[in-house]
Amino acid sequence: MNQKQFWYIACESYQLKNDKPLPARIMDEWVVLFRDKSGNPVAMQDRCLHRSARLSTGRVDDGHISCPYHGWKYNSQGEVTSIPSETEVGRKRCAVKYNAIEKDDYIYVQLQEHVIEPFPMPSYKHKGYTTIRLQNVFENTVTNCVENFLDIPHTTYVHPTIFRNASRQKMGAVVERRKGHVKVTYLEEKSDFGIFSWFLNPKKESVGHTDEFFMPNVSTVNYFFGKKHFIITSQSVPVDAKTTKVYTDLTYNYGMWNWISRPIIRWQGQAIIDQDIVILKNQSETIRKYGQHFQNSPCDIIHTYIESIRGEIENDRDPLTLSEKTERIEFWV
Ligand code: FES
Ligand SMILES: [Fe+2]
């Protein structure tokens, strides 16, 4: 199993029009996306077989993509179907093609064939739920981004007021690693959710909270405030060795507040991400200078589990063979 065998988001569905190609970058591969005659997404290497012009700067007509340089035309199978300077195409030529699929209003690309499904976005378009989508670029690795998205201790330092205020409360959690999946179940959490506490947790009751990592690049955070459910799902796509594009779904069911709260939740989500972009750039610059040498406190066990799974994938090994583990931790927030 290696990183190229997983599905990565290349764009949101609405971004890929019927009559225009779209460039994407995944694991340093230049990819061009377009839609075939039936509207299905197609992904190919963004390079013309003829003289290497970028196909993403070309045109799409009738489900075929044509190169902007000499007009070679390709069908949805990547085959050259027309060469303007020739009366016949002649021998069969085929561009490098990747698998592409549309799911939950995202376009996913798989660089190398493997039997696996894209991650289903939790509660997306489920009755009573609404979703806000954000896209952001982080200057750091997928592993460090995912760790940040599932890290509680930084929230009171990086995101006070808009996410979580320090309250010197003890928190317990059960951390499990099983089959490429890490799950953290927080026990008796009574966090101070800053300026939104009055709405999310007015009686300061304990909230339900789980954090999960699904290999190779998905993190989900679930909060249950009574009947209110809030899910943050982030898919971290490796653009290159030090850049990660993160697609975030903020999905929630606040009943009559669903639509009214959208601009506030979009603002809050983006403000929190902007703060993380800054701290993750800071971390990545130091790692580039001095190398990645980490020390752990007990609650970093979550991160060491994630690192163990991602480490297996990065070294072309199967993370499903890692032993199952369960730990109970306590820390202060
Ligand atoms: S480089 Fe694409 S047609 Fe010539
Ligand atoms: Fe954060």
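Okay, here's what the table says:
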{"item": "Alpha-carbon centroids, region 34-50 and region 105-184: separation in whole Å", "result": "30"}
{"item": "Simple label model, 7 Å out from Cα along Cβ direction - Arg59 to Lys203, nm", "result": "6.5"}
{"item": "Relative contact order for the chain, counting Cα pairs under 8 Å that sit 6 or more residues apart, in percent", "result": "19"}
{"item": "Table column - 3J(HN,Hα) (Hz), region 39-48, Karplus curve with 6.51, -1.76, 1.60, x for Gly and Pro", "result": "x, 6, x, 10, 10, 9, 5, 7, 7, 6"}
{"item": "GNM top mover of Tyr186, Tyr254, Tyr157 - the chain, alpha-carbon springs below 10 Å", "result": "Tyr157"}
{"item": "Total lysine pairs under 26 Å (Cα atoms) in region 3-110, excluding pairs fewer than 8 apart on one chain", "result": "19"}
{"item": "Accessible carbon and sulfur surface of region 3-110 relative to its total accessible area, %, 1.4 Å", "result": "43"}
{"item": "Lysine pairs within region 156-217, Cα separation less than 26 Å, 8 or more sequence positions apart or different chains", "result": "7"}
{"item": "Within-13-Å neighbourhood charge of Ile65 [Cβ basis; K, R +1; D, E -1]", "result": "+3"}
{"item": "Selected from Glu117, Glu176, Glu147 as most flexible by GNM, with the chain as the system and alpha-carbon contacts under 10 Å", "result": "Glu117"}
{"item": "For region 151-160, 3J(HN,Hα) per residue [Karplus equation, 6.51 cos²θ - 1.76 cosθ + 1.60, θ = phi - 60°, Hz, x = Gly/Pro]", "result": "10, 7, x, 6, 5, 6, 8, 8, 10, x"}
{"item": "Accessible area in square angstrom per residue, the chain, 1.4 angstrom probe", "result": "49"}
{"item": "For Ser82, net neighbour charge (Lys/Arg +1, Asp/Glu -1) across residues whose Cβ lies under 12 Å away", "result": "-3"}
{"item": "Interchain or long-range residues, amide H under 5 Å from Arg93's placed H", "result": "Val80"}
{"item": "Residue with peak Gaussian network fluctuation, the chain [Cα springs, cutoff 10 Å], from Arg133, Arg168, Arg266", "result": "Arg168"}
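The values are calculated or read from the model by the stated rules, or taken from the named source; none is laboratory data. All values derive from a computational prediction rather than experimental measurement. Glycine also receives a Cβ, built like all others from the backbone with ideal geometry; neighbour counts cover every protein chain displayed. Protein only, heavy atoms only, side chains kept; ligands, DNA and RNA dropped before computing areas. Shrake-Rupley method; radii C 1.70, N 1.55, O 1.52, S 1.80 Å.
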